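Inspection log for the structure reproduced underneath, given as structure tokens.
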Amino acid sequence: MIILIGGEKGGTGKTTIATNLAAKRAMENRDVLLIDTDAQGSANYWAQSRDDSEAKPHRVACIQKFGKGLQAEVQDLAKRYQDIIIDAGGRDSVELRAGLVVSNKAYIPIQPGCD
Ligand SMILES: Nc1ncnc2c1ncn2[C@@H]1O[C@H](COP(=O)(O)OP(=O)(O)OP(=O)(O)O)[C@@H](O)[C@H]1O
Ligand SMILES: [Mg+2]
């Protein structure tokens, strides 16, 4: 399963959803790869911090990947992982578009307004 968490709006919780989804699936003993395609690198930072924690939870492998090569890279990596979770930055980008093409499911979170 290749899952994209993306959207053009910033700060809607994409990385929070992507990292928690990756952790949940890893805790179900699935081989999970998290791909951080946002130059901010917050998903990658999360994975590194998790590796450094003493709890030694089910590991989530994470790589950073940018640019047009994302689609071919994901298609190749999908042969080796049960789940690939792609975290895309909050803007239109080649990574978001490549992720939309290659994913089985795409989730685009929105932030509800109050007015
Ligand atoms: N369900 C939620 N309820 C309340 N706060 C949330 C929720 N999900 C995420 N947040 C908070 O909202 C902020 C933005 O979350 P996050 O970094 O996941 O968004 P993002 O869409 O990945 O942002 P960016 O577009 O910058 O990549 C963070 O401070 C996070 O802790
Ligand atoms: Mg993010």
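Brief remarks on what is shown
- Checklist (1) closer than 18 Å to T19 by Cα; (2) touching a residue at least 60 places away in the same chain (Cβ under 8 Å) applied to Q40, failing item: (2)
- Applying the criterion of being over 13 Å from the mean Cα position of the chain (by Cα) and at pLDDT 95 or above to the residues of region 80-97, the residue that is nearest to M27 (Cα to Cα) is Q82.
- Within region 79-93, residues that are closer than 17 Å to I2 by Cβ have Cβ atoms under 6 Å from residues that are of a type in the set (D, E, K, R) and away from ligand 2 (no atom under 15 Å from the Cβ) in these pairs: Y81/D31; Q82/R30; Q82/D31; D83/R25; D83/R30, counting only partners at least 6 apart in sequence or on another chain.
- Hey, L100 in a helix (DSSP H, G or I), more than 11 Å from I3 (Cα to Cα) and not small (G, A, S) or not: no
- Here V74 fulfils each of the conditions (1) away from ligand 1 (no atom under 16 Å from the Cβ); (2) surrounded by 14 or more Cβ atoms within 10 Å (Cβ to Cβ); (3) aliphatic (A, V, I, L, M); (4) not in a helix (DSSP H, G or I) apart from (4).
- Residue count for region 20-50, restricted to those that are assigned to a helix (DSSP H, G or I) and either closer than 29 Å to S93 by Cα or of a type in the set (K, R) (or both): 16
The values are calculated or read from the model by the stated rules, or taken from the named source; none is laboratory data. In this text the structure is predicted, and so the values were computed from the model without any measurement. A quick note on method: Cβ atoms are made from the backbone with ideal geometry, for glycine too, and the neighbour counts reach across all protein chains shown.
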